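The values are calculated or read from the model by the stated rules, or taken from the named source; none is laboratory data. Bear in mind the structure is a predicted one, so any value in this text is a computation, not a measurement. Methodologically, a virtual Cβ is constructed for each residue, glycine included, from the backbone with ideal geometry; neighbour enumeration extends over all protein chains shown.
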Amino acid sequence: MKHRCVFVIVLLAASVAFAQQPAATPGPGDAPAAKEDVQRLFEVMQIHQQMHQVMDAMMKQQSTMIHETLKRRYPQTSAEKIAQADRLIADTMKNIPMDALLDDMIPIYQRHFSKTDIDAMSTFYSSATGQKMMHEMPALTSESMQASYARMQTQMDAMMKRAEQIVKEDQQKPKAAPETPPSQQKN
């Protein structure tokens, strides 16, 4: 679950930057974006704050999905066990190294965008429309997650059912007797 959360956070953060730009690789004549250019874009986009807000929204949705799944699949689950699941989600989200994730994203932006691209995005996100987009992004993300909740829950149920089937099949397999090493075999 932790890896899926990290992937979704990175994907959402990156989608903010790509929302207004074509996904073209810089051409041979384009100057490459410097690390500082990308960091400036991240500052203008308030990407650190945006990622925290996305994480909070994800944590709420994950908690709701886990509560419902546990109650449906394991009705005997106690409130304390559900609270433990909530703490696990909170601890997982709290321990995600946000600054390191952003540092990991810089070379990706540098591969896909030239200095001209980064400067244009910085100009856009500094504009009133860009700032409005950044302001509305948490609500857009939250509403999008709510809209996709039923579909995600269906997928999660199918995944859990399949995982349980795999475990059940594995438990039903006869255990093979360990082989006797040749040195211990009787002649």
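General observations
Residues are listed down the side, and each one gets a yes or a no for (1) in a helix (DSSP H, G or I); (2) modelled with pLDDT under 90; (3) in contact with a Pro (Cβ under 6 Å, 6 or more places away or on another chain):
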{"residue": "PRO28", "(1), (2), (3)": "no, yes, no"}
{"residue": "GLN39", "(1), (2), (3)": "yes, no, no"}
{"residue": "HIS52", "(1), (2), (3)": "yes, yes, no"}
{"residue": "GLN61", "(1), (2), (3)": "yes, yes, no"}
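- Residue list for segment 101-127, filter: outside any helix (DSSP H, G or I) and out of contact with any Gly (no Cβ under 9 Å at 6 or more places or on another chain): PHE113, SER127
- Boolean, ALA139 is loosely packed, with under 13 Cβ neighbours inside 10 Å and assigned to a helix (DSSP H, G or I): yes
- Residue within segment 98-107 that is over 23 Å from THR64 (Cβ atoms), among the charged types (D, E, K, R) and buried (at least 17 other Cβ atoms within 10 Å of the Cβ) present: no
- Identity of the residue in segment 83-97, without any contact (Cβ under 8 Å) to a residue 12 or more places away in the chain and in a helix (DSSP H, G or I), that ends up surrounded by the most Cβ atoms within 10 Å (Cβ to Cβ): LEU88
- The set of residues in segment 108-134 being within 22 Å of ALA57 (Cα to Cα) and surrounded by 12 or more Cβ atoms within 10 Å (Cβ to Cβ) consists of GLY130, GLN131, MET133, MET134.
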